[in-house]
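Here's the structure, in structure tokens; my notes come after.
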Amino acid sequence: MVSDELKQVILKQLNLDEFEIDDDTVAPSVPGWDSLSHVNIIVAVEQHFKVKFKSMEVLKLKNVGDLQKLVDSKLAK
Amino acid sequence: MDKRDTLWKKWKYNAGLTPDKDAIVHWVAEEEPVRWTFKSLIETAGKFSHGIYKAGIKKNDVCAIIIRHNPFLYPLYMGISRAGALPAILAYPNPRLHPDKFRQGLEGMAQRSGLDYIFTERELEPLIKPLIEKPGSTIKAVFFPLEWDINSPVDKKTDAEIESIAQSVKETDYFLVQHSSGTTGLQKPIAVTHKMLLEHVDICNEALNAGGDDKVVSWLPLYHDMGLIGCLHIPLASGMTSIHISPFEWVLAPILLLEVITKEKGTISYIPNFAYNFLAEKIPVEELEDIDLGSLRLLINGSEPIRHDSHQKFIERFKKYNFNPLALMSIYGMAELTLALTYTEPGKPLTELYLDRNKLSEGRVVKAGKDSVVRICVSCGKLVRGADARIFDVNRRELPDTFVGEIAVKSVSMFEGYRNYPEKTAEVVHDGWYFTGDYGFKCNDEFYVIARKKDLIIVAGKNIYPEDIEDAVNQVEGILPGRVIAFGEEDSSLGTEKVSVVAETKLETDKDKNRLRIDILKAGMSIDINIGKVYLAPPRWLIKSSAGKPSRRANKERLTLKEDPQIWSR
């Protein structure tokens, strides 16, 4: 389940106050989330949670739920 | 005598000469690449040509290909050509793009280009079928070639018939259709003959000192000339290897380009300006450990204005990974000339002029003094063989060197006119010169492009027409209809432009304006455009042009000159 914390990081990066984001949310449905801003979002998530993702891990992400799971897996280590 | 004067004959010849050499390497992240040798590629193309022939597709029929990154795209393309038909690669729709917008775009293209058939993936069937069934549609059928069984034995008699069609094609016959940018539904189709393309192959290889040992590495989409001609057709016709990465995968994992160059020892790559920033800034250092760019002898910047800073960032980051700064090159070209008008000289430093920015906007090329606001102009190089270019003023009178004006071009690789679009051709071709709509100047035989006419926005190498954005945003509730403009603003951190929109509204509260902004962003999304910044103005704020419509240029200047308390922006 997508945490509020992750949601806020994403919204802040996209300069949005509020937008519905859940496990199934995909980038094309969120205003401003295109392929160029995607990298900035990933970097913002890494910096906020103090984790590092590999490019191939990022490539496999299908939705925000996957991103949450990836964050969780890094934090569990 | 066997004259290799068509692409099929050239491909066959290469297959005979170096059958086991990699022709096309289809790259997918974390998977073994699919390697097409020259022999396996032409054999599979032959198999696809049977399906095309049996479908009743005739010589000169235009076949649109709307397929994502797939190893069978290349032999399919070649198979269409063998059957004498004309392939035209079109962009696969982004999930954000509203289906109606996609259909509108495709319909417009179908009418202009005279699209006869569509080759696509099953997923798009519900989207495309209504187009075929619409009365008056030029599109006769849609096919799903990735579902074809191409492994069944080939009928020799049919094969001979198809081969005889391929052999009957003349060098002056059309080979492919590519599209120059235009507003939705009004892209401009350009048909390229075999002669044009093969001549252009020689011209570009000469300009790059390129030969059989070169390997072109690309993530560029194949519906755009730099990708299609520069990275697919030129190497394929020349017997060179080309390696193709998915544009979608690359933008999510930019390291892929550098990994492929390292692993495959790529020597040439073409990338738009923003990619230099992207690569320099978005790859974590841990991932660069095994990267070695020593093989890369040419990194060619094209498709959007070249920024000095972008090159500097790239050099700074990658010189410790064996990147040779002398590999940096520029290209200036367009689909109307098949691809290239100018290249800088390979292996030599790029010429850069430090100019007075204010004088430049007045049309004069003046070296920056110590009090000047400096603009660094990076050269796009000298004319390739068979090309000519002049600078003209607004009255279409020729200007001398170091005066800024519209660049008009001609070349041996020049188009005959936009297909089925004579009125558009007449707008831009005069006395044999194609007026590009780009502004620039010539200095010491080198050309510098500094601006676009007609307010075109270029984001990450992609041309975006403000009219498309304005049409979409005009539909948003809360906007005063007709009181919207869109323009590009420089994003120096990204090394490209971002799209900005100014709209008039009667809404006053912050809450309402924030909500309106989201609706405007969503309107952009529906046409697959990311709007970077929204400015909201009160009624009657926008300055009108003499035509009575809001002036993009005047309003952009007004916004950037001074902060206006009436303007809300985010």
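In segment B:290-320, which residue that is touching a helix residue (DSSP H, G or I) at 6+ places or on another chain (Cβ under 6 Å) and over 30 Å from B:Lys442 (Cα atoms) is surrounded by the fewest Cβ atoms within 10 Å (Cβ to Cβ)?
So the residue we want is B:Asp292.
Residues that are of a type outside the set (A, V, I, L, M, F, W, C): list the strands (runs of 3 or more DSSP E) wholly contained in segment B:406-469 that include at least 3 such residues. Lay out the reasoning, then the answer.
On the way: elements: B:433-443, B:446-452, B:457-459, B:462-464.
Because the criterion is at least 3 residues that are of a type outside the set (A, V, I, L, M, F, W, C), the strands (runs of 3 or more DSSP E) in segment B:406-469 that meet it are B:433-443, B:446-452.
Take the conditions touching a residue at least 40 places away in the same chain (Cβ under 8 Å) and either surrounded by 15 or more Cβ atoms within 10 Å (Cβ to Cβ) or away from chain A (no Cβ under 14 Å) (or both) and apply them to B:Glu161. Does it pass? Reasoning before the result, please.
Details: touching a residue at least 40 places away in the same chain (Cβ under 8 Å): yes; either surrounded by 15 or more Cβ atoms within 10 Å (Cβ to Cβ) or away from chain A (no Cβ under 14 Å) (or both): yes.
It is true that B:Glu161 is touching a residue at least 40 places away in the same chain (Cβ under 8 Å) and either surrounded by 15 or more Cβ atoms within 10 Å (Cβ to Cβ) or away from chain A (no Cβ under 14 Å) (or both).
Which residue is farthest from B:Thr402 (Cα to Cα), if the candidates are limited to segment B:314-352 and must be among the small types (Gly, Ala, Ser) and not in a helix (DSSP H, G or I)? Spell out how you get there, then give the answer.
Taking segment B:314-352 and keeping what is among the small types (Gly, Ala, Ser), we get B:327, B:330, B:333, B:335, B:340, B:347.
Then keep just the ones that are not in a helix (DSSP H, G or I); that gives B:330, B:333, B:340, B:347.
Working: B:Ser330: 20, B:Gly333: 20, B:Ala340: 22, B:Gly347: 26 Å.
This residue is B:Gly347.
Looking only at residues in segment B:501-525 that are among the charged types (D, E, K, R) and within 14 Å of chain A (Cβ to nearest Cβ), which one is surrounded by the most Cβ atoms within 10 Å (Cβ to Cβ)?
For segment B:501-525, the residue satisfying everything is B:Arg517.
From (1) of a type outside the set (Phe, Trp, Tyr); (2) in a loop (DSSP other than H, G, I, E, B); (3) farther than 30 Å from B:Ile190 by Cα; (4) without any contact (Cβ under 8 Å) to a residue 40 or more places away in the chain, pick out the condition that doesn't hold for B:Leu355.
It is condition (2) that B:Leu355 fails.
Hey, any hits in segment A:61-77 for a residue that's over 18 Å from B:Leu252 (Cα atoms), within 14 Å of another protein chain (Cβ to nearest Cβ) and either at pLDDT below 95 or more than 10 Å from the chain's Cα centre (by Cα) (or both)?
yes
Identify the residue in segment B:14-49 that is within 21 Å of B:Asp173 (Cβ to Cβ) and touching a residue at least 40 places away in the same chain (Cβ under 8 Å) and, among all such residues, is surrounded by the most Cβ atoms within 10 Å (Cβ to Cβ).
Selected residue: B:Ser49.
Name the single residue, out of those in segment B:257-269 being surrounded by fewer than 24 Cβ atoms within 10 Å (Cβ to Cβ) and touching a strand residue (DSSP E or B) at 6+ places or on another chain (Cβ under 6 Å), that is nearest to the other protein chains (Cβ to nearest Cβ).
B:Glu264
Of the residues B:Ser168, B:Ser242, which is small (Gly, Ala, Ser), crowded, with 22+ Cβ neighbours inside 10 Å and farther than 30 Å from B:Asp100 by Cβ?
That would be B:Ser242, the only listed residue that is small (Gly, Ala, Ser), crowded, with 22+ Cβ neighbours inside 10 Å and farther than 30 Å from B:Asp100 by Cβ.
Mind checking which helices (runs of 4 or more DSSP H) fall wholly inside segment B:227-313 and carry at least 1 residues that are more than 30 Å from B:Leu197 (Cβ to Cβ) and of a type outside the set (A, V, I, L, M, F, W, C)?
Numbers: elements: B:234-238, B:247-252, B:255-264, B:273-281.
By residue number, B:255-264, B:273-281.
Cβ-Cβ under 7 Å, sequence separation 6+ or interchain: first residue in segment B:552-570 and within 14 Å of chain A (Cβ to nearest Cβ), partner at pLDDT 90 or above. Which pairs?
What qualifies is B:Trp568/B:Lys513; B:Trp568/B:Leu536; B:Ser569/B:Lys533; B:Ser569/B:Val534; B:Ser569/B:Tyr535; B:Arg570/A:Asn15; B:Arg570/B:Arg517; B:Arg570/B:Val534.
In segment A:4-28, how many residues are assigned to a helix (DSSP H, G or I) and more than 8 Å from every other protein chain (Cβ to nearest Cβ)? Outline the logic, then answer.
Applying the first criterion (assigned to a helix (DSSP H, G or I)) to segment A:4-28 yields A:4-13, A:27-28.
Cutting the leftovers down to more than 8 Å from every other protein chain (Cβ to nearest Cβ) gives us A:4-13, A:27.
So the count comes out to 11.
What is the number of the single condition among (1) among the charged types (D, E, K, R); (2) in a loop (DSSP other than H, G, I, E, B); (3) buried (at least 18 other Cβ atoms within 10 Å of the Cβ) that B:Asp564 does not meet?
All conditions pass for B:Asp564, except number (3).
Inspect segment A:32-42 for any residue being under 26 Å from B:Leu257 (Cα atoms) and more than 12 Å from chain B (Cβ to nearest Cβ) and give the result as yes or no.
Taking segment A:32-42 as the starting set, the residues that turn out to be under 26 Å from B:Leu257 (Cα atoms) are A:32-42.
Keeping just the survivors that are more than 12 Å from chain B (Cβ to nearest Cβ) gives none.
Checked segment A:32-42: no residue is under 26 Å from B:Leu257 (Cα atoms) and more than 12 Å from chain B (Cβ to nearest Cβ).
Here are the criteria: (1) more than 10 Å from chain A (Cβ to nearest Cβ); (2) touching a helix residue (DSSP H, G or I) at 6+ places or on another chain (Cβ under 6 Å); (3) at pLDDT below 95. Tell me which single one B:Ala460 does not satisfy.
(1)
Regarding B:Ser246, is this residue within 14 Å of chain A (Cβ to nearest Cβ), of a type in the set (Gly, Ala, Ser) and within 18 Å of the chain's Cα centre (by Cα)?
Numbers: within 14 Å of chain A (Cβ to nearest Cβ): yes; of a type in the set (Gly, Ala, Ser): yes; within 18 Å of the chain's Cα centre (by Cα): yes.
So B:Ser246 passes the test.
In this structure, is B:Val449 crowded, with 21+ Cβ neighbours inside 10 Å and touching a helix residue (DSSP H, G or I) at 6+ places or on another chain (Cβ under 6 Å)? Walk me through how you get there before you give the answer.
On the way: crowded, with 21+ Cβ neighbours inside 10 Å: yes; touching a helix residue (DSSP H, G or I) at 6+ places or on another chain (Cβ under 6 Å): no.
So B:Val449 fails the test.
Can you work out which of the residues in segment A:45-55 that are surrounded by fewer than 16 Cβ atoms within 10 Å (Cβ to Cβ) and within 12 Å of chain B (Cβ to nearest Cβ) is nearest to B:Ile255 (Cα to Cα)?
Step by step, filter segment A:45-55, then rank; the result is A:Lys54.
If a residue has to be crowded, with 20+ Cβ neighbours inside 10 Å and among the small types (Gly, Ala, Ser) to count, how many in segment A:1-31 make the cut?
Of the residues in that region, 1 qualify.
The values are calculated or read from the model by the stated rules, or taken from the named source; none is laboratory data. Predicted model only: the values in this text are computed from it and were never measured. Positions of Cβ are backbone-derived with ideal geometry, glycine not excepted, and every protein chain shown enters the neighbour counts.
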